[in-house]
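> Encoded as structure tokens, here's the structure I'll be asking about.
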Amino acid sequence: AHWSAMTDTAESASSEPSTIAELLLALQAADTQADQLHHRRENSPLRDDLASASDVMRNWERQRSSMRARIDELGTSIEQAEARGAELLAHRERLDQQMKTVIAPREAEALMHEMDTLGAQIDELDLHELESLEEQARIDDQLAAHLRDEDQFRQRLHRADDALAAEVGDIDNELAALAATRSTLRGELSEALLSTYDRKRAALGVAVARLVGKQCQGCHLELSAAEIDTVKDEAADTGVTDCPDCGRLLIV
């Protein structure tokens, strides 16, 4: 079979018949373990814990910023009301002084009307300032209570971050050890066989499977009697051939 011929020419003639099969199985096991570790690294429940803690912290910060912005906005409004009120009071005082020199009834009536209008505006500004002061005091109290929760939220965030970092560090150490193992295993296999292995792994996920009884453990299909005879013949020298159903490297 052409697969056996390729392997015979690619591998050392001194290799034991089972060596190639064992190396492929070991490489597949290492790659599968690495895949599982990568999946665990990227899908750890600790990532959800960190995301939840981060969301809580961001929401707390948004509320803090919103309250502080509103307090500043109210402070500006109060200052503007005070300044405008002072202007109106000064204007009314000038009118009041002018009123003392007026003789004509019509002019006096016009001044009285203007002074009443100014008084209403001053009263409106005073009310607005009072309402703003009350709201500002209420938000100040809310902000003080809000700030008391900061430590617990930040501690939760730090704990979640530390827990994930520790888990990721452990997984990365395992992956580093696996990378060394994989490098050693791949160094024992020919470039042609590695190319075949990598191509099948990219297409199928699992590139190597055992034949157990009549069944390929990769696709879980049973081979016919004729196929069994064929794969055993093809794998006579190396212990490896291709599954006639799924195309995986079949360890016979």
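The values are calculated or read from the model by the stated rules, or taken from the named source; none is laboratory data. All values derive from a computational prediction rather than experimental measurement. Virtual Cβ from ideal backbone geometry, glycine too; neighbours counted across all protein chains shown. Surface areas here come from the heavy atoms of the whole protein model, side chains and all, with no ligands, DNA or RNA. Shrake-Rupley method; radii C 1.70, N 1.55, O 1.52, S 1.80 Å.
> Can you go through 227, 167, 222 and tell me which one is open to solvent by 60 Å² or more (accessible area, probe 1.4 Å) and charged (D, E, K, R)?
Details: 227 fails: open to solvent by 60 Å² or more (accessible area, probe 1.4 Å); 167 fails: open to solvent by 60 Å² or more (accessible area, probe 1.4 Å).
Just a single option satisfies the conditions, and that option is 222.
> Now, a different point. Can you tell me which residue among 186, 138, 199 is crowded, with 16+ Cβ neighbours inside 10 Å and on the phi < 0 side of the Ramachandran plot?
On the way: 138 fails: crowded, with 16+ Cβ neighbours inside 10 Å; 199 fails: crowded, with 16+ Cβ neighbours inside 10 Å.
Of the residues listed, the single one that is crowded, with 16+ Cβ neighbours inside 10 Å and on the phi < 0 side of the Ramachandran plot is 186.
> Hey, among the residues in the range 50-78 that are in contact with a helix residue (DSSP H, G or I) (Cβ under 8 Å, 6 or more places away or on another chain) and more than 29 Å from residue 164 (Cβ to Cβ), which one's most open to solvent (accessible area, probe 1.4 Å)?
Applying the first criterion (in contact with a helix residue (DSSP H, G or I) (Cβ under 8 Å, 6 or more places away or on another chain)) to the range 50-78 yields 50, 52-54, 56-57, 60, 63-64, 67-68, 70-71, 74-75, 77-78.
From what is left, the residues that are more than 29 Å from residue 164 (Cβ to Cβ) are 67-68, 70-71, 74-75, 77-78.
Details: 67: 31, 68: 110, 70: 75, 71: 26, 74: 5, 75: 18, 77: 28, 78: 13 Å².
My answer is 68.
> Please work out if residue 207 is over 30 Å from residue 56 (Cα atoms), surrounded by fewer than 16 Cβ atoms within 10 Å (Cβ to Cβ) and among the hydrophobic types (A, V, I, L, M, F, W, C).
Numbers: over 30 Å from residue 56 (Cα atoms): yes; surrounded by fewer than 16 Cβ atoms within 10 Å (Cβ to Cβ): no; among the hydrophobic types (A, V, I, L, M, F, W, C): yes.
So residue 207 fails the test.
> Identify the single condition in (1) within 30 Å of residue 149 (Cβ to Cβ); (2) small (Gly, Ala, Ser); (3) over 51 Å from the mean Cα position of the chain (by Cα) that residue 120 does not satisfy, given that it satisfies every other one.
The failed condition is (1).
> Which one of these does residue 39 not meet: (1) under 49 Å from the mean Cα position of the chain (by Cα); (2) free of Cβ contacts under 8 Å to residues at least 24 places away in the same chain; (3) more than 30 Å from residue 206 (Cα to Cα)?
Going through (1) under 49 Å from the mean Cα position of the chain (by Cα); (2) free of Cβ contacts under 8 Å to residues at least 24 places away in the same chain; (3) more than 30 Å from residue 206 (Cα to Cα) one by one, residue 39 breaks only (3).
> With the structure loaded, tell me whether residue 147 is open to solvent by less than 80 Å² (accessible area, probe 1.4 Å), in contact (Cβ under 8 Å) with a residue 40 or more places away in the chain, within 27 Å of residue 71 (Cα to Cα) and out of contact with any strand residue (DSSP E or B) (no Cβ under 7 Å at 6 or more places or on another chain) or whether it fails that test.
Values: open to solvent by less than 80 Å² (accessible area, probe 1.4 Å): yes; in contact (Cβ under 8 Å) with a residue 40 or more places away in the chain: yes; within 27 Å of residue 71 (Cα to Cα): yes; out of contact with any strand residue (DSSP E or B) (no Cβ under 7 Å at 6 or more places or on another chain): yes.
So residue 147 passes the test.
> Of all the residues that make up the range 42-96, how many are in contact (Cβ under 8 Å) with a residue 12 or more places away in the chain and basic (Lys, Arg)? So that I can check it myself, show each step before the final result.
At the first step, the residues of the range 42-96 found to be in contact (Cβ under 8 Å) with a residue 12 or more places away in the chain are 44, 46-47, 49-50, 52-54, 56-57, 60, 63-64, 67-68, 70-71, 74-75, 77-78, 81-82, 84-85, 88-89, 91-92, 95-96.
Filter once more, so that each one left must be basic (Lys, Arg): 47, 64, 68, 70, 84, 92.
Here the count works out to 6.
> Answer yes or no as to whether residue 47 is among the charged types (D, E, K, R) and either surrounded by 15 or more Cβ atoms within 10 Å (Cβ to Cβ) or assigned to a loop (DSSP other than H, G, I, E, B) (or both).
On the way: among the charged types (D, E, K, R): yes; either surrounded by 15 or more Cβ atoms within 10 Å (Cβ to Cβ) or assigned to a loop (DSSP other than H, G, I, E, B) (or both): yes.
For residue 47, the condition - among the charged types (D, E, K, R) and either surrounded by 15 or more Cβ atoms within 10 Å (Cβ to Cβ) or assigned to a loop (DSSP other than H, G, I, E, B) (or both) - is met.
> In the range 79-110, which residues are charged (D, E, K, R) and within 60 Å of the chain's Cα centre (by Cα)?
Here is the first cut: in the range 79-110, the ones charged (D, E, K, R) are 79, 82, 84, 87, 92-94, 96, 100, 106-107, 109.
Within the range 79-110, 79, 82, 84, 87 qualify.
> Across the range 180-223, which residue is nearest to residue 250 (Cα to Cα) among those that are touching a helix residue (DSSP H, G or I) at 6+ places or on another chain (Cβ under 9 Å) and among the polar types (S, T, N, Q)?
Selected residue: 196.
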